[in-house]
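The values are calculated or read from the model by the stated rules, or taken from the named source; none is laboratory data. Note that the structure is a prediction, hence the values are computed from the model and not measured. Here the Cβ positions follow ideal geometry from the backbone for every residue, glycine too, while neighbour counts run over all protein chains shown. Heavy atoms of the whole protein, side chains included, go into the accessibility calculation; ligands, DNA and RNA do not. Shrake-Rupley method; radii C 1.70, N 1.55, O 1.52, S 1.80 Å.
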Amino acid sequence: MTSFTRLSATLAVLLGATACAGAGGIGDPDDPESINVLMVNNPQMLDIQKLTAEHFTRRTGVKVNYTVLPENDVRDKISQDFTSQAGQYDVATLSNYEVPIYAKNGWLEPLDGYLAADPGFDQQDVLEPIWQSLTAADGKVYAQPFYGESSFLMYRKDIFAAKGITLPERPTWRQVAEAAAKVDGAQPGMKGICLRGQPGWGQLMAPLTTVVNTFGGTWFTKDWQAKVDAPEFVEATRFYVDLVREHGEAGAPQAGFSECLNNMTQGKVAMWYDATSAAGLLEAADSPVRGKLGFAQAPVVKTRSSGWLYTWAFAVQKASKKHQAAWKFLSWAAGKDYERVVGEAKGWSSIPDGKRASTYARPEYLKETGSFAEQTRIAISSANPRDPGVQPRPANGIQFVGIPEFTNLGTQVSQEVSAAIAGRGSVEDALRAAQRLADKVAAKYRKG
């Protein structure tokens, strides 16, 4: 991510303009030195695909056959192969949402034994919230992070300076809303803030759930009572919807990560609350907004922190017959030396960061990412997926609820809220409908 050309290519991938089909194919299932890896087509994964032969296979003798697919497609294919334990793929990219669920069902190989035999991997260097999120209820680690992220606030410090606005390192949502009103229209066509409004459990519901958490709300109580229409949840959602309707981007009901990234890059918005991983794209060498940005922690109300936690991680299928070769790949892909390989080959702002403490002590990395590196480290280190709000939760997760039903539930609720952003109904009506959906999910767990 060292040039605006790379940013443009990244946007093309994210927007589906250059949908990446499966690449690499399937290797010989009987060859112990050949593994099949199924992974999402994010830019960092495309980098590792290009670097593997020279920097991994040449050293270890293990050939890696990649199948690379867009996110929705890869999730479906991973689910099919891992749930059936077909064993076609030895390794796959899973997020910290899926890993505990897959581990509980016996679909993943635990990694503790491999870690004990490979002290050079240095598991203690992995940021604690990240490795905890990849640890199942049995206390075992089931995946290793390729990169990690939290969420924070990105803003145009030049616009803020011109308006005489200052933000603390940990702003409140009220302060953010006030700032959004003041910078709305600061330049022709510029809106105050970009917030996701596109339906999807990983789109709109990700940032909105962090707002719900810090306003004191929750999806479910510890004893599985649905609370989607509770006052705190309603207040948080109304705040979010009002903010994006009054001072948010054009086309908000269809705006997700990539649309907000584009708006921020083109100077169409003065603030953006979203993933820390966006910072490297915005600070690319040829980015129009490079050097103009300030970064602050995720806004809060009742909690000390509110940033989410997400990681794409490599996990080994239990049914695979190539566990040793698979671990060699994980040890390299998630290890410290891989960051050096990417830094030297692609530039230090391109490394898959957000997972290791040592990353934030690398002079080469800090030289390129100094404007946001420390804020990213703080955001990830402050994330607490086991206790993200003001009350106990029945399942782990910050921007999601760590249960299989959440993908469907979150998406359905997001559709109701997105409609409210579009002006097709009220927040109260949306959350009344959402409460009925959530209560059906909760009832199953109460019975269980």
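Looking across segment 178-206, the residues that are open to solvent by 10 Å² or more (accessible area, probe 1.4 Å) and over 21 Å from Gly217 (Cβ atoms) come down to Glu178, Ala181, Lys182, Asp184, Gly185, Ala186, Gln187, Pro188, Gly189, Lys191, Gln198.
Given the options Tyr66, Tyr89, Tyr102, name the one that is of a type in the set (Phe, Trp, Tyr) and without any contact (Cβ under 8 Å) to a residue 60 or more places away in the chain. Can you show your working first?
Values: Tyr89 fails: without any contact (Cβ under 8 Å) to a residue 60 or more places away in the chain; Tyr102 fails: without any contact (Cβ under 8 Å) to a residue 60 or more places away in the chain.
Only one candidate qualifies: Tyr66.
Here the condition is being over 30 Å from Ala179 (Cα atoms), out of contact with any strand residue (DSSP E or B) (no Cβ under 6 Å at 6 or more places or on another chain) and assigned by TED's automatic domain parsing to the domain that holds Gln317; of Asp138, Asp125, Asp90, it holds for Asp138 alone.
Just so you know, in segment 57-89 the residues that are within 27 Å of the chain's Cα centre (by Cα) and surrounded by fewer than 13 Cβ atoms within 10 Å (Cβ to Cβ) include one that is modelled with the lowest pLDDT, and it is Asn72. Inspection of segment 177-193 identifies no residue that is of a type outside the set (Asp, Glu), modelled with pLDDT of 95 or more and within 19 Å of Thr407 (Cα to Cα).
Filtering segment 349-359 to residues that are crowded, with 20+ Cβ neighbours inside 10 Å and more than 19 Å from Ala275 (Cβ to Cβ) leaves nothing.
Part of a helix (DSSP H, G or I), touching a helix residue (DSSP H, G or I) at 6+ places or on another chain (Cβ under 9 Å), open to solvent by less than 50 Å² (accessible area, probe 1.4 Å) and within 27 Å of Leu46 (Cβ to Cβ): which single residue out of Ile159, Ile130 fits that description?
None of the others qualify; the one that does is Ile130.
Cβ-Cβ distances below 7 Å connect the following pairs, each with a first residue in segment 238-259 that is farther than 24 Å from Glu428 by Cβ, a second residue that is open to solvent by 30 Å² or more (accessible area, probe 1.4 Å) and hydrophobic (A, V, I, L, M, F, W, C), and a separation of six or more residues or different chains: Phe257/Leu14; Ser258/Leu14; Ser258/Leu15. Look at (1) part of a helix (DSSP H, G or I); (2) closer than 14 Å to Ser277 by Cβ and you find that Ser331 fails only one, number (2). Within segment 132-142, the set of residues being at pLDDT 95 or above and among the hydrophobic types (A, V, I, L, M, F, W, C) comprises Leu134, Ala136, Val141.
Checking Lys321, Lys336 one by one, the residue that is under 17 Å from Trp131 (Cα atoms) and either open to solvent by 10 Å² or more (accessible area, probe 1.4 Å) or out of contact with any strand residue (DSSP E or B) (no Cβ under 6 Å at 6 or more places or on another chain) (or both) is Lys336 and no other.
Select from segment 133-142 the residues that are in a loop (DSSP other than H, G, I, E, B) and of a type in the set (Gly, Ala, Ser) and write down the one among them that is surrounded by the most Cβ atoms within 10 Å (Cβ to Cβ). Explain how you work it out, then say what you get.
First pass over segment 133-142, keeping only residues in a loop (DSSP other than H, G, I, E, B): 134, 136-140, 142.
Subset that is of a type in the set (Gly, Ala, Ser): 136-137, 139.
On the way: Ala136: 17, Ala137: 9, Gly139: 8.
Only one residue tops the list, namely Ala136.
In segment 210-229, the residue that is surrounded by the most Cβ atoms within 10 Å (Cβ to Cβ) out of those that are not in a loop (DSSP other than H, G, I, E, B) and not aliphatic (A, V, I, L, M) is Asn213.
Does Thr172 meet the test of being crowded, with 24+ Cβ neighbours inside 10 Å and either under 30 Å from Gly267 (Cβ atoms) or in contact with a Phe, Trp or Tyr (Cβ under 8 Å, 6 or more places away or on another chain) (or both)? Give the steps one after another, and end with the answer.
Values: crowded, with 24+ Cβ neighbours inside 10 Å: no; either under 30 Å from Gly267 (Cβ atoms) or in contact with a Phe, Trp or Tyr (Cβ under 8 Å, 6 or more places away or on another chain) (or both): yes.
No: the conditions fail for Thr172.
The number of residues in segment 360-377 being open to solvent by 70 Å² or more (accessible area, probe 1.4 Å) and without any contact (Cβ under 8 Å) to a residue 12 or more places away in the chain comes to 2. Scan segment 281-308 for residues that are in a loop (DSSP other than H, G, I, E, B), surrounded by fewer than 22 Cβ atoms within 10 Å (Cβ to Cβ) and not small (Gly, Ala, Ser) and the total you get is 9.
Please tell me if Thr67 is part of a helix (DSSP H, G or I) and either over 24 Å from Asp28 (Cα atoms) or not assigned by TED's automatic domain parsing to the domain that holds Gln203 (or both). Here the answer is no, as Thr67 does not meet what is asked.
Quick grid of which residues meet (1) more than 30 Å from Val126 (Cβ to Cβ); (2) among the small types (Gly, Ala, Ser):
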| residue | (1), (2) |
| --- | --- |
| Leu366 | no, no |
| Ser382 | no, yes |
| Pro385 | no, no |
| Pro392 | no, no |
| Ala395 | no, yes |
| Gln399 | no, no |
| Ser414 | yes, yes |
| Ala419 | yes, yes |
| Val441 | yes, no |
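Being part of a loop (DSSP other than H, G, I, E, B) and among the charged types (D, E, K, R) is the filter; apply it to segment 103-127 and report the residue that is surrounded by the most Cβ atoms within 10 Å (Cβ to Cβ). Give the derivation first.
So in segment 103-127, the residues part of a loop (DSSP other than H, G, I, E, B) come out as 105-107, 109-111, 117-118, 122, 127.
If we keep only those that are among the charged types (D, E, K, R) too, we end up with 109, 118, 122.
Values: Glu109: 22, Asp118: 16, Asp122: 14.
If we take residues in segment 103-127 being part of a loop (DSSP other than H, G, I, E, B) and among the charged types (D, E, K, R), then Glu109 is surrounded by the most Cβ atoms within 10 Å (Cβ to Cβ).
Would a scan of segment 387-399 turn up a residue that is in contact with a Pro (Cβ under 9 Å, 6 or more places away or on another chain), aliphatic (A, V, I, L, M), closer than 23 Å to Arg196 by Cβ and crowded, with 19+ Cβ neighbours inside 10 Å? Checked against the condition, which is being in contact with a Pro (Cβ under 9 Å, 6 or more places away or on another chain), aliphatic (A, V, I, L, M), closer than 23 Å to Arg196 by Cβ and crowded, with 19+ Cβ neighbours inside 10 Å, segment 387-399 yields at least one hit. Screening Pro100, Pro145 for residues that are assigned to a helix (DSSP H, G or I) and modelled with pLDDT of 95 or more leaves exactly one candidate, Pro100.
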